[in-house]
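Below you'll find the structure, written out as structure tokens, and then a few comments.
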Amino acid sequence: MLDTGPLQDAYRALLDAATVAGADNPSPASPDGEWNADEILAHVSLVSAATIVAVAGIAAGANTTYDNRIALDAWTIRQTIAHAGGNAGLRDRIRGQAAALCALAGSAVLSDAELGTLVPARLLSNDTLMVDQPTPLRDIVTGLAEAELPGHTKQLLALLPERAITETTR
């Protein structure tokens, strides 16, 4: 069984940052070339969905892969924002995805052997190939908690005015 506490904490921190970032303006201006709050949340929603698919696939005994490239596609990100209804809808969607992923990965649904299943994975970040090799399912889930979600939490906080960041981190 996987300890999903860190994953729950990472989602909670991301959603807290997203709530503050979207409080007055759901899409605060982003630095040139960076995503706004809605785009960050849509990306996280797409990555979360892909992770749920991988976990559910292994639980179902299916061959599965993990590829985050669709979560980087601008058209797909815009469509995800529209389908979710914007910032508040994206936060609700991510909250539900977090609950589903933690329930699947943290319960007796998957054995240690299944969590150790090598999943062909391709992960990109800023057009840089980060992973292109079979990766244990456990590492995909823990990578979400340890790197992906905290990184996007920092991105959301970077969109806030300096005063709001100080108040959020108190």
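The values are calculated or read from the model by the stated rules, or taken from the named source; none is laboratory data. Just so it is clear, the model here is predicted, and its values are computed rather than measured. So basically every Cβ, Gly included, is an ideal-geometry build from the backbone, and we count neighbours across all protein chains shown. In case anyone asks, the SASA skips ligands and DNA or RNA and just uses the protein heavy atoms, side chains included. Shrake-Rupley method; radii C 1.70, N 1.55, O 1.52, S 1.80 Å.
Within segment 54-73, can you find the residues that are among the aliphatic types (A, V, I, L, M), out of contact with any strand residue (DSSP E or B) (no Cβ under 8 Å at 6 or more places or on another chain) and either surrounded by 16 or more Cβ atoms within 10 Å (Cβ to Cβ) or under 27 Å from Asn87 (Cβ atoms) (or both)?
Val55, Ala56, Ala59, Ile70, Ala71
Select from segment 56-69 the residues that are over 14 Å from the mean Cα position of the chain (by Cα) and not in a loop (DSSP other than H, G, I, E, B) and write down the one among them that is farthest from Leu110 (Cα to Cα).
The extreme case among them is Gly57.
Pick from segment 76-97 the residues that are in contact (Cβ under 8 Å) with a residue 40 or more places away in the chain and charged (D, E, K, R): which of them is most open to solvent (accessible area, probe 1.4 Å)?
Arg95
Give the residue that is nearest to Leu46 (Cα to Cα), with candidates limited to residues of segment 85-118 that are modelled with pLDDT under 95 and of a type in the set (D, E, K, R).
Glu114
Please name all residue pairs, on different chains or six or more residues apart, with Cβ atoms under 8 Å, provided the first residue is in segment 40-54 and is within 16 Å of Arg78 (Cβ to Cβ) and the second residue is of a type in the set (Lys, Arg) and modelled with pLDDT of 95 or more.
Note: pairs meeting the criteria are Leu41/Arg91; Ala42/Arg78; Ser45/Arg93.
Out of Asp112, Asp67, I need the residue that is touching a residue at least 60 places away in the same chain (Cβ under 8 Å) and not hydrophobic (A, V, I, L, M, F, W, C). Which one?
None of the other options fit; the residue is Asp112.
So which residues in segment 14-47 are in a loop (DSSP other than H, G, I, E, B) and modelled with pLDDT of 85 or more, if there are any at all?
Listed by number, the residues that qualify are Trp35, Asn36.
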